[in-house]
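I'd like to ask some things about the structure below.
The values are calculated or read from the model by the stated rules, or taken from the named source; none is laboratory data. Predicted, not measured: the structure shown is a model, and the values here were computed from it. Neighbour counts are summed over all protein chains in view; Cβ atoms, including those assigned to glycine, are modelled from backbone coordinates with ideal geometry.
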Amino acid sequence: MKLAVLFSGGKDSFLAYLKAKEKNEVACLISIVSKNEESYMFHTPNIHLVDLNAQALEVPIIKVKTTGEKEKELADLKKAIKSAIKKYRIEGIVSGAIASTYQASRLQKICNDLDIWCFNPLWQRDQVSILNEIISKKIKVIIAGVFAYPLDETFLGKELDNDMIAKLIKLSEEYKINPAGEGGEIETLVLDSPLHKKRLEIKRAEKEYKNHAGIYKIIDAELARK
Amino acid sequence: MILIINMCKQGLGLSYEEFVQPIDDIVGKDNDSGKKVVHYLNINKKMIDKADKIIICGTALKDNDYIEHIEKFQWLKDTESKVLGICAGAQVIAKVFGGKIIKNKEIGVVDIEIIDKRALITDIIKNQAYALHNYGIKLTDSFIIGAKSKKSTQYFKHKEKEIYGVLFHPEVLNKEMIWKF
């Protein structure tokens, strides 16, 4: 089946891409670039790097900008999906939704309206198992944003390796945060994987952190040989 | 042994991960008596006889293949096992016992009103559930309706058998129902 993957460059959408690739053709990625920092659907730091990830994966990408107002961003998503249907003849959409009924139901409605398939292969997955799958599939991921106490600026830019996963699990038990960040506690960025023809190399980045929220703002990055 | 029936059209691995794997994960956590996942087209009498409990899963909104294969579920009429049908599973239960599968769309979180507690495996604690269907059900009087949403029958039980159906997806907001089952 020809599919498009809703892609932010974070670990969940990348894992969804990996799963979609196993037995299907991923014809393109779709990214929604939201100006609204409070967006329920799409806001993520470093969304500007989706182009680099798409180049590294050698997959076409459709990018649509949105002001991020609640219903407007859904209309913009629908527009992007329609464009993928027209340009790449896709028959379905794949997302990395894990637990948000808000996100999942809205995507389901759009796909249903357009009479295409909607797949959410991480749906209801245990968060720790997702983190472990990231390691076992050799995906290089960094923490690009933290949005909950006790996650502080020391986490920003750090790789999601076994030590970091153990630390996040411990904190999730103590402070009731989601270890994989499904509640919006953590945002991530994929830099490399076995499917990447080139890796993303960060040339310059800054940490912005205050009031228990911060982002690892990547100012300059490029593709590098592996 | 708990038998988990995969209702996804064959070849839809991504739907399996979305609709069957979560049920398998919930059952797997505290289950000592064993479990087995089987596709509905591959069910045989031996499997049904061996199962103490059977869960018939849901599938993707666009997947209606199971409606073309209702004859594969005639074992429901004879089984003595406890059965829980989820969404597509609830639809086939209704159909096998003489009811109808009717157009009825609900996508997202719906409010649930309890009608008759005798038909419930466990109470719906949150009075909310996650619905994902283009088809609903029209039941015969062989069933007790346990709960409804504004648009459809959501929860029912066969009057004489331990056969339950839920049109919503308990694996999302009502996991305790599956644990209890």
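Under 7 Å between Cβ atoms, which residue pairs at least 6 apart in sequence (or on different chains) link something in region A:69-84 that is basic (K, R) with a partner that is in a loop (DSSP other than H, G, I, E, B)?
Note: pairs meeting the criteria are A:K82/A:L114.
Out of all the residues in region B:72-83, is one or more touching a helix residue (DSSP H, G or I) at 6+ places or on another chain (Cβ under 7 Å), of a type in the set (S, T, Y) and within 13 Å of chain A (Cβ to nearest Cβ)?
no
Right, another one. Quick one: which residue in A:I90, A:I98 is touching a residue at least 40 places away in the same chain (Cβ under 8 Å), surrounded by 18 or more Cβ atoms within 10 Å (Cβ to Cβ), touching a strand residue (DSSP E or B) at 6+ places or on another chain (Cβ under 6 Å) and among the β-branched types (V, I, T)?
Every option except A:I90 fails the conditions.
Considering only helices (runs of 4 or more DSSP H) fully contained in region B:6-76, which possess at least 3 residues that are without any contact (Cβ under 8 Å) to a residue 60 or more places away in the chain and exposed (fewer than 13 other Cβ atoms within 10 Å of the Cβ)?
By residue number, B:45-50.
Just checking, how many residues over region A:192-226 are out of contact with any strand residue (DSSP E or B) (no Cβ under 7 Å at 6 or more places or on another chain) and surrounded by fewer than 11 Cβ atoms within 10 Å (Cβ to Cβ)?
Qualifying residue count, region A:192-226: 4.
Please find, within region A:126-141, the residue that is farthest from the other protein chains (Cβ to nearest Cβ) out of those that are crowded, with 19+ Cβ neighbours inside 10 Å and modelled with pLDDT of 95 or more.
Filtering first and then ranking leaves A:V141.
Let me ask you something else. Give region B:129-147 a look and list any residue that's in a strand (DSSP E or B), β-branched (V, I, T) and over 14 Å from the mean Cα position of the chain (by Cα), or say none.
If the condition is that a residue be in a strand (DSSP E or B), β-branched (V, I, T) and over 14 Å from the mean Cα position of the chain (by Cα), then B:I144, B:I145 are the ones that fit.
Collect the residues in region B:99-115 that are away from chain A (no Cβ under 13 Å), under 17 Å from the mean Cα position of the chain (by Cα) and charged (D, E, K, R), keeping them in residue-number order.
B:K100
For region B:3-20, how many residues are within 15 Å of B:I86 (Cα to Cα) and either in contact with a Cys (Cβ under 7 Å, 6 or more places away or on another chain) or modelled with pLDDT under 95 (or both)?
8
Looking only at region A:107-125, count every residue that is more than 7 Å from chain B (Cβ to nearest Cβ) and within 17 Å of A:Y17 (Cα to Cα) and tell me the total.
Residues meeting the conditions: 3.
Among what's in region B:148-181 and is under 27 Å from A:L107 (Cα atoms) and either free of Cβ contacts under 8 Å to residues at least 40 places away in the same chain or in a strand (DSSP E or B) (or both), pick the residue that is farthest from the chain's Cα centre (by Cα).
Only one residue tops the list, namely B:K148.
Could you identify the single residue in A:I134, A:I139, A:I110 that is of a type in the set (V, I, T) and under 30 Å from B:A129 (Cβ atoms)?
Exactly one residue qualifies, and that residue is A:I110.
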